[in-house]
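Let me begin by presenting the structure, written as structure tokens, before commenting on it.
The values are calculated or read from the model by the stated rules, or taken from the named source; none is laboratory data. Bear in mind the structure is a predicted one, so any value in this text is a computation, not a measurement. Virtual Cβ from ideal backbone geometry, glycine too; neighbours counted across all protein chains shown. We work out accessible area using only protein heavy atoms, side chains counted, and drop any ligands, DNA or RNA first. Shrake-Rupley method; radii C 1.70, N 1.55, O 1.52, S 1.80 Å.
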Amino acid sequence: MPERAALLILVTLAAFLLAAWRFVRVFRPVFRGGPSSRFDQPARRIKGVLGDIGLHRRLLRYRWSGTLHALMFSGFLVLLALTLESFLKPFFPGFSLDVVGGRTWLGLGQEVFAAFIVIALAMAIWQRQVWRPARFRTSSAKDAWIIYGLIGAIVCGLIVEAACHQVMAGSVS
């Protein structure tokens, strides 16, 4: 096994262990709670899941923030395929989503939605630095900038990786 793959496995394992530890810490009070009836009021529960979670009904309560979050969320949903491919390639050389349109319609969609994320990121930075809504006074600016940096790094990394694959495949003159 190449050294890079071994390092990737170790980093991935460490990330999963950290996530599991955080999950247990955060949800410990929930696990201590008593039993709850989850099957009463089925119509109300289904309506809540579809409306509040599925359609993000409250998302557009603040139009600017809602729009940027909708752009970012939808972008990451579309980029999930590219992220999956990038993550699995070191473990499984030759793994590719080209069979489902990876370099055609799926690739075009990924580039469009990556642009949506970059636009949403610019909107978020504008909101935090220029507009400064009153509701942000109690939020951590440091955490926000860390998140912005990580989102930017992920999206830029995926865009550069996709561009390099196109150049290597000879599809760009």
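In table form, for the structure just shown:
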| read-out | value |
| --- | --- |
| Qualifying residue in segment 23-45 (condition: open to solvent by 70 Å² or more (accessible area, probe 1.4 Å), closer than 30 Å to residue 92 by Cβ and in a helix (DSSP H, G or I)) | yes |
| First in segment 151-171 and farther than 18 Å from residue 94 by Cβ, second anywhere and open to solvent by 50 Å² or more (accessible area, probe 1.4 Å) and at pLDDT 80 or above, Cβ under 9 Å, 6 or more apart | 151/76; 152/118; 154/76; 155/76; 155/118; 156/118; 159/111; 159/118 |
| Residue 3, sole failed condition from (1) exposed (fewer than 10 other Cβ atoms within 10 Å of the Cβ); (2) at positive phi; (3) not aromatic (Phe, Trp, Tyr) | (2) |
| Extreme residue, farthest from the chain's Cα centre (by Cα), among residues of segment 99-118 that are modelled with pLDDT of 70 or more and surrounded by fewer than 15 Cβ atoms within 10 Å (Cβ to Cβ) | 105 |
